[in-house]
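Structure, as structure tokens:
Since every read-out is calculated from the coordinates, none of them should be taken as a lab result. Because the structure is predicted, anything quoted here is derived from the model rather than measured. Note: ideal-geometry Cβ built from the backbone for every residue, glycine included; neighbour counts use all protein chains shown.
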Amino acid sequence: MKIVSVNVSRKKVVEYKGEPVSTGIFKKPVKGKVFVGKGNLEGDEQADLKHHGGIDMAVYAFASDHYNYWQQTLYKSHLPYGTFGENLTVSGLIEDKVFIGDQFLIGDCLLEVSQPRIPCFKLNMALDNDNTVKLFKDYFNTGVYFRVLEEGYIGQEKKLSKVAEVPGSVSVNSMFRALFDKEYAFSKQVLEAAHQLRPLSQEWREKVERRLKRIG
């Protein structure tokens, strides 16, 4: 795995369906090294701090491997890196191969996988397509959120080296499917395993607990 693009944006207000919307989804690639702090990347802002950013969602990464699929699905001739609101566009970061609690060293920066992404309406806005969120959820590979264990500088072409993992963990793909794929046969097993994982974000832990209570 390696970073192919580092993307940031300041929040701004845009008009969407006749209403003003504050957003930081319009990420643009930046050159050189960028400092990664506990809460976000230098030069990056989130508008909705309830659902984006913070300790458990400090860095959002998305696989460059998915871009070709989305260009075809959305009938786009080209989608620049950062289109999906990701801070890091990473080759090889495939959700069924990445597990909650996996730790990756990037230069002197240490990141830990905390949860999948749940897309919101702002993805529709960014792609100018009202069906994007549904398509994104149905694809089940929505990217990876990291918390920052050790701050540091990262840049394009930096490799991600996995340095730790949690025994018995669940993949980011299976974690997402356990909550959003009604046809997924292993939902209960995944949820029960996920509930035991210390690195799982508090938001997702609460989602898992509610779902387990519902299914009994």
- [ ] Taking H placed 1.01 Å from N in the peptide plane, check which residues at least 5 places from Y16 or on another chain put their amide H under 5 Å from its amide H.
- [x] V21
Task: Calculated FRET value between R205 and K134, using beta carbons and R₀ = 25 Å, to 0.05 - done: 0.45
Task: Burial ranking of peptide ranges 129-140, 67-78 (average Cβ count within 10 Å, highest at the top) - done: 129-140, 67-78
Task: Long-range amide H partners of V4 with built H, under 5 Å - done: T89, V90, S91, E157
Open item on the list: Output wanted: per-residue J couplings in Hz (rounded whole) for segment 178-192, from phi through Karplus 6.51 cos²θ - 1.76 cosθ + 1.60, θ = phi - 60°, x for Gly and Pro.
Closed with: 4, 9, 10, 10, 5, 8, 6, 6, 10, 4, 5, 4, 5, 5, 5
- [ ] Could you work out which residue, out of P199, P116, P20, moves most in a Gaussian network model of the chain, that is, has the largest mean-square fluctuation with Cα springs under 10 Å?
- [x] P20
Open item on the list: Helix-only estimate, please: 222 nm mean residue ellipticity of the chain, summing -39500 (n - 2.57) across DSSP H runs of length 4 or more and dividing by its residues, to the nearest 500.
Closed with: -7000 deg cm²/dmol
Task: Sorted peptide list for 163-171, 175-183, criterion being average Cβ within 10 angstrom, highest first - done: 175-183, 163-171
- [ ] First measure r as the distance between the Cβ atoms of Y153 and H195, then evaluate 1/(1 + (r/R0)^6) with R0 = 22 Å and state the FRET efficiency to the nearest 0.05.
- [x] 0.05
Open item on the list: Between K213 and V21, what is 0.36 nm times their sequence separation minus the Cα-Cα distance? Round to one decimal in nm.
Closed with: 65.6 nm
TODO: Please tell me which of these pairs span more than 19 angstrom C-alpha to C-alpha: K97/K159; K76/K134; K31/K158; K31/K137; K97/K182; K134/K182?
DONE: K31/K137; K97/K182
- [ ] Starting at the first residue of segment 35-41, write each ³J(HN,Hα) from the Karplus equation 6.51 cos²θ - 1.76 cosθ + 1.60 with θ = phi - 60°, in whole Hz, x for Gly and Pro.
- [x] 7, 10, x, 5, x, 4, 8
Task: Proxy reagent accessibility, fewest Cβ within 10 Å first, across I100, I154 - done: I154, I100
Open item on the list: So the label point goes 7 Å from the Cα of A164 along Cα→C-beta, right? Which residues of segment 58-95 then have their backbone N under 19 Å from it?
Closed with: 58-59
TODO: Mind checking which lysines have their Cα closer than 17 Å to the Cα of K17? Skip sequence neighbours fewer than 8 apart in that chain.
DONE: K122
Task: Spin-label model distance (nm) - S91 vs D181, 7 Å beyond Cα toward Cβ - done: 2.7
TODO: State, to one decimal in nm, how far the label point of I55 lies from the label point of Y69, with both points 7 Å from Cα in the Cβ direction.
DONE: 3.3
Open item on the list: What whole-number distance in Å separates the alpha-carbon centres of segment 61-86 and segment 157-216?
Closed with: 25
Task: the chain - charge dipole about Cα centre, Lys and Arg +1 at Cβ, Asp and Glu -1, debye rounded to 20 - done: 220
Task: Per principal axis, descending, Cα span of segment 41-166 in whole Å - done: 38, 29, 26
Open item on the list: Restricting to Cα pairs below 8 Å that are 6+ residues apart, what does the relative contact order work out to for the chain? Please round to a whole percent.
Closed with: 24
Open item on the list: With Cα extents along the principal axes in Å as the read-out, I listed (1) 45, 42, 31; (2) 51, 48, 26; (3) 62, 37, 32; which label goes with the value calculated from this structure?
Closed with: (1)
Task: For V98, distant residues with modelled amide H under 5 Å away - done: V172, N173
